[in-house]
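**Q** Handing you this structure, nothing more for now.
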Amino acid sequence: MYVAPNAQAGCDIALTVLAEVDEHALLPPLRASLAHGAVVPHEGDYFGPVVNLAARLVDAARAGELLVTEEVARLIDGHYVASPVAAMSFKGFPEAVKAVAIHSVPA
């Protein structure tokens, strides 16, 4: 888990880590997620609904995939390739969560 200064930096970090791990011969593929909002820092860790949402999203991500909330996708509009995924229901969240899979723009 990490906190980034903005959504684009968060995606840059997640996509870089996913790509580096994918290139490594011994490491299994990772999954990643990003959510945006206020968190509560405490003794070097972070807590709150945003953290819980990110944890639920990463559990739903496939190997090598970055899932973000629609809010994160709006904040990074145009910087990456975005593919909407089906809305998901998570324990502790009364409404279905709309997520987006994010991929690097091909070079």
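Here, each number is a calculation from the coordinates, and none is a lab measurement. Keep in mind it's a predicted model, so treat the numbers as computed, not measured. Ideal geometry is used to build each Cβ from the backbone, glycine not excepted, and the neighbour counts take in all protein chains shown.
**Q** Using the 10 angstrom Cβ neighbour count as an exposure proxy, how do L67, L53 rank, fewest first?
**A** By the 10 Å Cβ count, ascending, the order reads L53, L67.
**Q** Starting from segment 1-63, pick out the chymotrypsin sites (Phe, Trp or Tyr not before Pro) whose DSSP state is loop and whose Cβ has at most 11 other Cβ atoms within 10 Å.
**A** Of the chymotrypsin sites (Phe, Trp or Tyr not before Pro), the ones in loops of segment 1-63 whose Cβ has at most 11 other Cβ atoms within 10 Å are Y2.
**Q** Rg(Cα) of segment 1-64 divided by 2.2 N^0.38 Å?
**A** So segment 1-64 has a normalised radius of gyration of 1.18.
**Q** May I ask you to list the GluC sites (Glu not before Pro) in segment 22-107 that are in a DSSP loop and have at most 16 other Cβ atoms within 10 Å of their Cβ?
**A** E43, E95
**Q** Between exposed trypsin sites (Lys or Arg not before Pro) in the chain, where DSSP calls loop and at most 12 other Cβ atoms lie within 10 Å, what's the longest gap?
**A** 1-61
**Q** Another question, if that's okay. Using only alpha carbons, build the gyration tensor for segment 44-85 and give me the equivalent ellipsoid semi-axes, biggest first, whole Å. Mind dumping the intermediate values first?
**A** Working: eigenvalues 81, 39, 16 Å².
Taking √(5λ) for each eigenvalue gives 20, 14, 9 Å, largest first.
**Q** Still on this structure, I have one more. Convex hull volume of the Cα atoms in the chain, per residue, in Å³?
**A** 111 Å³
**Q** Connecting C-alpha atoms closer than 10 Å in a GNM of the chain, tell me which of P49, P41, P29 has the biggest fluctuation.
**A** Maximum among the listed residues: P41.
**Q** Can you compute the charge dipole magnitude of segment 7-103 about its Cα centre, using +1 on each Lys and Arg Cβ and -1 on each Asp and Glu Cβ, nothing else charged? Give it in debye, rounded to the nearest 20.
**A** In total the dipole reaches around 320 debye.
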